[in-house]
Amino acid sequence: MTKKLTSADTTATDKTAKGFTAEERAAMKERAKELKAEARANKNKADGESDVLAKIAEMPEPDRVIAERLHAIIKASAPALSPKTWYGMPAYAKDGKVVCFFTSADKFKSRYATFGFNDEAKLDEGAMWPTAFALTELTAADEARIGALVKKAVS
């Protein structure tokens, strides 16, 4: 015996199925392109860096200024990390796995940019520690802190 669907059965599904935002769909499409490019050729560090620099150049200010500075800090603090794009954002990987990344405020129409770490980062401090930071600008103290965190993340 089959149950006949009523309008009440389908309405509940319709209300919960909002889906992804246009920005989220665009990020997923960019990630799919990145994966295809990586599968076609073993990207070297120089190719990854040129991709990251191109993404940074597309950003509006002040995100571009922050991303350029972060790129320099990360390269100086952890030269073993390989720049690459990740969901259309600058990211830095170790052994192919993203350790840290930058998300511009403009990317998802946020009020601040974000610098974050993935679980590959070795930042554990007890039972709780930060994995992302909101950025509206970078001071000298912020730059020093980020440099230290990136060094610790790859240690």
Q: Would you mind stating whether A93 is under 22 Å from A148 (Cα atoms), among the aliphatic types (A, V, I, L, M), free of Cβ contacts under 8 Å to residues at least 60 places away in the same chain and buried (at least 21 other Cβ atoms within 10 Å of the Cβ)?
A: no
Q | From S50, S110, residue being under 17 Å from the mean Cα position of the chain (by Cα), at pLDDT below 95, of a type in the set (S, T, Y) and at negative phi | A | S50
Q. Out of L149, L135, L123, which single residue is within 22 Å of A26 (Cβ to Cβ), surrounded by 11 or more Cβ atoms within 10 Å (Cβ to Cβ) and in contact (Cβ under 8 Å) with a residue 24 or more places away in the chain?
A. L135
Q.
Would you confirm whether or not region 116-137 contains a residue that is part of a helix (DSSP H, G or I) and more than 18 Å from the chain's Cα centre (by Cα)?
A. no
Q | Extreme residue, modelled with the lowest pLDDT, among residues of region 5-35 that are of a type in the set (G, A, S) and within 26 Å of F108 (Cα to Cα) | A | A17
Q: Kindly establish whether E38 is modelled with pLDDT of 85 or more, part of a helix (DSSP H, G or I) and under 24 Å from V154 (Cβ atoms).
A: no
Q: With respect to F102, determine if the residue is in contact with a Pro (Cβ under 7 Å, 6 or more places away or on another chain), on the phi < 0 side of the Ramachandran plot and either at pLDDT 95 or above or in a helix (DSSP H, G or I) (or both).
A: yes
Q) Pick from region 105-115 the residues that are part of a loop (DSSP other than H, G, I, E, B) and out of contact with any helix residue (DSSP H, G or I) (no Cβ under 8 Å at 6 or more places or on another chain): which of them is nearest to E24 (Cα to Cα)? A) S110
Q: For L149, indicate whether it is touching a strand residue (DSSP E or B) at 6+ places or on another chain (Cβ under 6 Å) and at pLDDT 95 or above.
A: no
(Q) I'd like to verify a number: residues in region 48-79 that are in a loop (DSSP other than H, G, I, E, B) and either over 13 Å from A121 (Cα atoms) or among the acidic types (D, E) (or both), how many? (A) 5
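The values are calculated or read from the model by the stated rules, or taken from the named source; none is laboratory data. Keep in mind that this is a model prediction, so the values were computed, not measured. Backbone-built Cβ (ideal geometry, glycine too); neighbour counts: all protein chains shown.
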